[in-house]
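Take a look at the structure below.
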Amino acid sequence: MHSASLRAGQRGLSLSGFLFVVAMLAVVALLAMKLVPAYIEFFSVKKILATMGQEPDLKSKSNAEIRSDFMRRAGVSYVTVVKPEYLRIDRRTGVPVVSAEYEFRTKLVGNVSLVVDFSASTDPNAAPRDIE
């Protein structure tokens with residue numbers, strides 16, 4: 001008897017609750033469609049710079065050669081956001097530290113945009129700079 005009255009009180013998801021869940025899933029899907037390509041490209045840039053940082057001949061390369069090497073690797077990895085001229089090359093430590101700091105901006109809805117700051121470097125211990 002007790003289980004029959006319990007079952008009668010259970011209802012399930014209301015229409016407004018269902019619409020709310022669908023709206024939240026749509027927002028998450030929209031954000032994922034906008035952000036996933038940017039993060040895939042960022043991880044490609046990070047991998048390129050990490051590989052370049054492990055090369056023994058990096059110290060002997062000129063800035064133009066480093067940029068050309070990055071451009072060649074970026075073309076293979078389909079990196080389009082970071083151009084070779086955006087690279088910052090710091091030679092104060094003896095071994096060049098190559099870093100790329102950029103922002104990804106995309107429109108969401110109407111006049112609302114999404115902005116994400118990215119920072120990658122050949123130095124694995126480098127802290128990301130604040131992008132202004």
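The values are calculated or read from the model by the stated rules, or taken from the named source; none is laboratory data. The structure presented is a predicted model; accordingly, all values stated were derived computationally and were not measured. Neighbour counts run over all protein chains shown; Cβ positions are idealised from the backbone, glycine included.
Among (1) in a loop (DSSP other than H, G, I, E, B); (2) more than 23 Å from the chain's Cα centre (by Cα), which single condition is Thr80 missing?
Status for Thr80: all satisfied but (2).
Within the range 87-95, identify whether any single residue is under 22 Å from Leu31 (Cβ atoms) and free of Cβ contacts under 8 Å to residues at least 60 places away in the same chain, and answer yes or no.
no
When the residues of the range 91-132 are narrowed to those that are among the polar types (S, T, N, Q), surrounded by fewer than 12 Cβ atoms within 10 Å (Cβ to Cβ) and modelled with pLDDT of 90 or more, which ends up farthest from Arg67 (Cα to Cα)?
Asn111
Residue by residue through the range 46-77, note down the ones that are surrounded by 13 or more Cβ atoms within 10 Å (Cβ to Cβ), assigned to a helix (DSSP H, G or I), out of contact with any Pro (no Cβ under 6 Å at 6 or more places or on another chain) and charged (D, E, K, R).
Lys46, Lys47, Asp69, Arg73
Please tell me if Val21 is surrounded by fewer than 12 Cβ atoms within 10 Å (Cβ to Cβ) and modelled with pLDDT of 90 or more.
yes
Between a residue in the range 35-49 that is touching a residue at least 40 places away in the same chain (Cβ under 8 Å) and within 25 Å of Leu108 (Cβ to Cβ) and any residue that is surrounded by fewer than 13 Cβ atoms within 10 Å (Cβ to Cβ) and not β-branched (Val, Ile, Thr), which pairs come within a Cβ distance under 8 Å, given they are 6 or more apart or on different chains?
Going by the 8 Å Cβ cut-off, the qualifying pairs are Glu41/Tyr78.
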